[in-house]
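The values are calculated or read from the model by the stated rules, or taken from the named source; none is laboratory data. Please read all numbers here as calculations on a predicted model, not as lab measurements. We place every Cβ from the backbone using ideal geometry, glycine too, and count neighbours over all the protein chains shown. The area values use the complete protein model at the heavy-atom level, side chains included, leaving out ligands, DNA and RNA. Shrake-Rupley method; radii C 1.70, N 1.55, O 1.52, S 1.80 Å.
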Amino acid sequence: QVQLVESGGGLVQPGGSLRVSCAASGIIVSLYDMNWYRQAPGNQRELVATITSGGSTNYVDSVKGRFTISRDNAKNTVSLQMDSLKPEDTAVYYCHAERYLRNYWGQGTQVTVSS
């Protein structure tokens, strides 16, 4: 059974930093394209960052230069380091894994940026 478990969300002030992580079981993250999505109330789910099985990374324009996605093959985890956070980054952040026709979602972790 595949499980993706996010952790590390919370409340942070504007300009602050937060790191969310995704611990995977049942899959090997290095074989999958791993994504972080986010969804704010009233908005559609948005792809924020990707690290491919080959190690390439991509980001949505609104987070370029502020967010960094990384993978730890030994721990079978994927993380998203978020710096210079803005109130508009407030959302539930979801870990997602995809490979060929298979894809899996985590349950999400809330990130709130507010003073």
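Does at least one position in the range 41-48 carry a residue that is out of contact with any Lys or Arg (no Cβ under 7 Å at 6 or more places or on another chain) and crowded, with 16+ Cβ neighbours inside 10 Å?
No, because not a single residue in the range 41-48 is out of contact with any Lys or Arg (no Cβ under 7 Å at 6 or more places or on another chain) and crowded, with 16+ Cβ neighbours inside 10 Å.
Inside the range 92-115, can you point out the residues that are open to solvent by less than 70 Å² (accessible area, probe 1.4 Å), small (Gly, Ala, Ser) and more than 22 Å from Val29 (Cβ to Cβ)?
Ser114, the sole residue that qualifies.
Please go through (1) part of a strand (DSSP E or B); (2) free of Cβ contacts under 8 Å to residues at least 12 places away in the same chain for Gln44 and return the number of the only condition it doesn't satisfy.
All conditions pass for Gln44, except number (1).
Determine the pairs where a residue that is farther than 18 Å from Gly108 by Cβ, located within the range 1-17, has a partner that is outside any strand (DSSP E or B) and open to solvent by less than 40 Å² (accessible area, probe 1.4 Å) with Cβ atoms under 6 Å apart, the partner being 6 or more residues away or on another chain.
Gly16/Leu85
Checking the condition surrounded by 13 or more Cβ atoms within 10 Å (Cβ to Cβ) and of a type in the set (Asp, Glu), which residue from Asp72, Asp61 passes? Give the derivation first.
Working: Asp61 fails: surrounded by 13 or more Cβ atoms within 10 Å (Cβ to Cβ).
None of the others qualify; the one that does is Asp72.
Which one of these does Asn35 not meet: (1) open to solvent by less than 30 Å² (accessible area, probe 1.4 Å); (2) farther than 20 Å from Glu88 by Cα; (3) part of a strand (DSSP E or B)?
(2)
Filter the range 19-32 for residues that are over 10 Å from the mean Cα position of the chain (by Cα) and open to solvent by 30 Å² or more (accessible area, probe 1.4 Å); which is nearest to Glu98 (Cα to Cα)? Break it down stepwise before answering.
First, the residues of the range 19-32 that are over 10 Å from the mean Cα position of the chain (by Cα): 23-32.
Narrowing the set further to residues that are open to solvent by 30 Å² or more (accessible area, probe 1.4 Å) leaves 23, 25-26, 28, 30-31.
Details: Ala23: 15, Ser25: 14, Gly26: 13, Ile28: 11, Ser30: 11, Leu31: 9 Å.
For the range 19-32, the residue satisfying everything is Leu31.
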